[in-house]
């Protein structure tokens, strides 16, 4: 599963990110928000860009929001982008 995630991420970056941008691809296991925060602190990142699905109501209550936790806890600015429907 981890190998498939790495390969998928590499393919997406090659297709969508201009080569002149410095991008590091990192795949880790664990809670998404916690891992994003930990890596951003360790790597001293300048900006976190994260998609939000805009969940509301009971789904938001039950599952929480990774983007919301990252915005609250990140050591750097966070840019949230609404994911396409």
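The values are calculated or read from the model by the stated rules, or taken from the named source; none is laboratory data. These numbers were taken from a predicted model, which means no experiment stands behind them. Because the Cβ atoms are built from the backbone with ideal geometry, glycine has one as well, and the counts that use them run over all protein chains shown.
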Task: Residue that is out of contact with any helix residue (DSSP H, G or I) (no Cβ under 8 Å at 6 or more places or on another chain) and at pLDDT 90 or above, where the choices are 13, 27, 45 - done: 13
TODO: Hey, can you tell me all the residues within the range 50-66 that are outside any helix (DSSP H, G or I) and either modelled with pLDDT of 95 or more or surrounded by fewer than 10 Cβ atoms within 10 Å (Cβ to Cβ) (or both)?
DONE: 56
